Number of protein chains: 4
Amino acid sequence: MPSIDLSCDMGEAFGNYTMPNDEALLDYISSASIACGFHAGDPAVMQNTVAAAIKKGVAIGAHPGLPDLQGFGRREMQISPKEAYQMVLYQIGALYAFVKAAGGRLNHVKAHGALYNMAGRDPALARAIVDAVHDFDPGLILFALAGSEMVVAAKKTGLAYASEVFADRTYQDDGSLTPRTRPDALITDEEQSLKQVLMMVNQQQVISSSKKTITLKADTLCLHGDGSHAVEFAKTIHKTLVDEGVAIKAPSRF
Amino acid sequence: MPSIDLSCDMGEAFGNYTMPNDEALLDYISSASIACGFHAGDPAVMQNTVAAAIKKGVAIGAHPGLPDLQGFGRREMQISPKEAYQMVLYQIGALYAFVKAAGGRLNHVKAHGALYNMAGRDPALARAIVDAVHDFDPGLILFALAGSEMVVAAKKTGLAYASEVFADRTYQDDGSLTPRTRPDALITDEEQSLKQVLMMVNQQQVISSSKKTITLKADTLCLHGDGSHAVEFAKTIHKTLVDEGVAIKAPSRF
Amino acid sequence: MPSIDLSCDMGEAFGNYTMPNDEALLDYISSASIACGFHAGDPAVMQNTVAAAIKKGVAIGAHPGLPDLQGFGRREMQISPKEAYQMVLYQIGALYAFVKAAGGRLNHVKAHGALYNMAGRDPALARAIVDAVHDFDPGLILFALAGSEMVVAAKKTGLAYASEVFADRTYQDDGSLTPRTRPDALITDEEQSLKQVLMMVNQQQVISSSKKTITLKADTLCLHGDGSHAVEFAKTIHKTLVDEGVAIKAPSRF
Amino acid sequence: MPSIDLSCDMGEAFGNYTMPNDEALLDYISSASIACGFHAGDPAVMQNTVAAAIKKGVAIGAHPGLPDLQGFGRREMQISPKEAYQMVLYQIGALYAFVKAAGGRLNHVKAHGALYNMAGRDPALARAIVDAVHDFDPGLILFALAGSEMVVAAKKTGLAYASEVFADRTYQDDGSLTPRTRPDALITDEEQSLKQVLMMVNQQQVISSSKKTITLKADTLCLHGDGSHAVEFAKTIHKTLVDEGVAIKAPSRF
């Protein structure tokens, strides 16, 4: 029986600013990557999101980002591998505290936004993040962009990883995501998006922008949590996968 | 053989701003309370300070403060007990990550500045902080102002605590610190300061501002780390205590 | 012909977090108090909000708050008058830059949240804020809680002020707002709220919680911008006042 | 009579963290570029630094940086020209408020650190910064790296600029600074540094790393304010220039 993890970035509220979809999305996902206060999230949001995830039986991951609340962690910053290590380790610990205090278990770590992108192509940053995760707890699972330097670094270090794919992004022939600057970067048609997901899950393949069939390891599928249709789309994906006999479950720790 | 813990607030540098005394002070203390990024400290400073403390065999504590870098955590803020719980838990986790990754052990938690003062007199805040420490790890030791509400809360919850005293502050008849707004709040004469310390350690007593002899539990003595004489004074205290046959050691975890 | 200013706190979005009512509210108000980046707002939000206000012919004010984004400037902080002066001056200047660059004119200053409340009852803080406004530009108008220490300080300094009243808050016999901790602090019935507004505008009077008729100077009426009914309520108030022959206009600078 | 402006980046303290050289340096410089709270500085530091500069008759400039206090504004961030415009405008206004309130005059603007470097080579960022300065006040002077895109943008817009040179950096054949990653980037020999300064001032020339004589417009010379020798070096440069008959004065506004 094929299986996949459905994940969503969560806990990206801050102070007075809410993220209204979070609670509803928990019904359709198996893993939540929770912001840790640098690009979004604060101690109150973290506590509440961790509690909600535990209540719904959703696996919890730390979602560390760049220290740029205004830019939501999406603006690349010229940081050294050492700084990447330090900021990731800090944020993992902060989220871990809420998970521990609530009697839960931290299952994975996924870098956010620009940090995820930078580490996906820079071996030294990838290695620094893998080291931070591994040094904190070698039993954690790294969520890594399929085919990226993060996967390479995780393999080298012997850290378990889940290869991450996207429902609404197109892929290039080399398996990388089509850059957002390109007009064909996003899949806006829901039908096409569902088709891509099923092919990824059942065949570990995807049709690239230039119509080539390429191989892609699909362990975890990232759903976007913002936008007015996010909950509806999560529900649809969830139902489609279940109807097709796909098991939806978080990757297991050692 | 009488014993006491000598502690210092550490890791209060930030980014480009250094705290030059930290390294030298580690030679004379048994416990370091390390800032966690809210009132001072950042991921780089935390990593470096944790590494230095481990190298010198100094016990490590988390030193959480209010989210007020500009005010150095010294301006009181009207926070709820829930907010106190959340910000303390967050910061303990963040520091724990560096300690864990470096192969060390987190031994204690001490609130900083205004948070320490507020919780010392407000039972609900004291309870919230004690709960945060206990929920993270019931084996941790709380550093609590001697005779304060923090001590009361720790006792109620069954959390181990170390009663904290000061070398350079005077005490009132009820065992509380003379407020800094009073002219006689500080002991500026080194001789008198050393005398107070020895009396605290050997007799668990102190002479109050009004010359009464009062009882005071002295488990840990806080030295100030800033100022040009801080290292010299730490050295002198350390030597005086050793010469008097006092063992200098961190309080033990369960 | 009676007249009143209708104002709203605006530009309280931040980074990725939006405040969707702002644009629509501008159709019904005569003054916008725009956040300056401390409790809310950022350079992008400030630029956009200033541009929108100028386009709609709404008078612009700076809305400085405490440096506490997570607490939205609503948690009181123990700051000195000097610190209040400095943080208000900084924020006025920051907002002024966007107004100046856009070819507009800064008309007023209104402190936000906890800073507004603290200065309303503390003469030294009130004086510090009045001084900051006056030192920047003696032609600016201070928005001050009716009957508060802010009014007293403005009068002493010779700074023009607009006495601020609320549509949805009840008043005590001494003219102060009923504290939010009391069950009768808020007026939830729209009819009653409109009645209070009309009495304030036409008679400069209000019925207190204990049913006494008291005198209250009403120069500017603050509408709340958040909540799902905010725009609808602003529209209703605006229409009611216009229908009653009340002129809605911002207070004039010297 | 040849003349040059001697400038220093100032007001880069923050909260509890001091920058002890600032006051002493004011005796030897003609322009101070004062941090505005993003990469360093806070409202208290800004007020104090502005007051000190006015007292010493030193011309004042705003020194806006990237919003990265931990990185001291030295880590490049992927910001859009629009974001550059907004963050520079915000910071100019904030500093202007302190200058205005103290009865002084804002004379120039100089971008800090990574923002200065990025705008020096990126025409769109350079243009955005020039626009922010010009939109705030077309009479302001831009401090721009000699030969950089900032100079190009200032010329295009008709904004006055001062071409900035460095005493302790080497230059390449094309007039650009030798990158800090190269071993010969810094001039550590004081004699050689003074020689370079005199050649720049008297002949508007410099000897490049490869020993070519190149032309360089030298309107303002930047001295580093940190480090233990900063004050001593400023004093020496100042005396050397005065002894050589060079007038030390800030560039004049229109």
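The mean sequence separation of alpha-carbon pairs under 8 Å and at least six residues apart, normalised by the residue count of segment B:3-248, gives a relative contact order of 20 percent.
Remark: the Cα gyration tensor places segment B:38-159 in the oblate category, a/c being 1.5 or greater and a/b not exceeding b/c. Simple rule: put +1 on each Lys or Arg Cβ and -1 on each Asp or Glu Cβ in segment D:213-254, find the dipole, and look at D:A234, D:A250, D:C222; the Cα lying farthest toward the positive end is D:A250. Comparing segment D:3-248 with the 2.2 N^0.38 Å rule of thumb, its C-alpha radius of gyration ratio is 0.94 (two decimals). Shielding by partners for peptide B:66-76, expressed as the average number of C-beta atoms from other protein chains within 10 Å of each residue's C-beta, is 6. Please state the shape class of the protein assembly as shown: rounded when a/c is under 1.5, otherwise prolate if a/b exceeds b/c and oblate if not, all from the C-alpha gyration tensor. Judged from the Cα gyration tensor, the protein assembly as shown comes out rounded (a/c under 1.5). Add +1 for every Lys or Arg and -1 for every Asp or Glu among the other residues with Cβ under 14 Å from the Cβ of B:V133, and state the total. Taking every other residue near B:V133 into account, the sum is +3. Taking a straight Cα-Cα cut-off under 18 Å and skipping sequence neighbours fewer than 8 places away in the same chain, the lysines within cross-link reach of D:K235 are D:K56, D:K195, D:K249. Alpha carbon centre of segment D:34-64 versus segment B:1-80: separation in Å? When both Cα centres are located, 29 Å separates them. Rounded to 0.05, the FRET efficiency of the A:Q172 and C:K235 pair, given R0 = 41 Å and the Cβ-Cβ distance, is 0.25. Take each residue in C:6-17, count the other chain C-beta atoms within 10 Å of its C-beta, and the mean is 4. When both bridge partners sit in segment C:3-248, DSSP labels roughly 20% of those beta bridges antiparallel. Across D:D27, D:D42, C:D219, the residue with the most accessible area heads the list, and the full order at a 1.4 Å probe is D:D27, C:D219, D:D42. Of all beta bridges that DSSP places with both ends in segment C:103-254, some 35 percent have antiparallel geometry.
For A:D5, the residues 5 or more places off, or on other chains, whose built amide H falls under 5 Å of its own are A:T220, A:L221, A:K249. From the square roots a ≥ b ≥ c of the eigenvalues of the alpha-carbon gyration tensor of segment C:68-121, which class results: rounded (a/c under 1.5), prolate (a/b over b/c), or oblate? In terms of gyration-tensor shape, prolate. FRET efficiency for A:S80 and D:M199, Cβ-Cβ distance as r, R0 = 41 Å, nearest 0.05? The formula returns an efficiency of 0.70 here. The alpha carbons of segment A:118-254 give a radius of gyration and a Dmax of 15.5, 42 Å, in that order. Within a straight-line Cα-Cα reach of under 17 Å, D:K156 can be paired with the following aspartates and glutamates, leaving aside sequence neighbours fewer than 8 residues apart in one chain: D:D122, D:D131, D:D135, D:D137.
Of all beta bridges that DSSP places with both ends in the protein assembly as shown, some 20 percent have antiparallel geometry. Averaged over the residues of A:99-106, the number of partner chain Cβ atoms lying within 10 Å of the residue Cβ comes to 3.
The values are calculated or read from the model by the stated rules, or taken from the named source; none is laboratory data. Computed from a predicted model, the values in this text were never measured in an experiment. Virtual Cβ from ideal backbone geometry, glycine too; neighbours counted across all protein chains shown. Quick note on the areas: whole protein, heavy atoms, side chains included, nothing else; ligands and nucleic acids left out. Shrake-Rupley method; radii C 1.70, N 1.55, O 1.52, S 1.80 Å.
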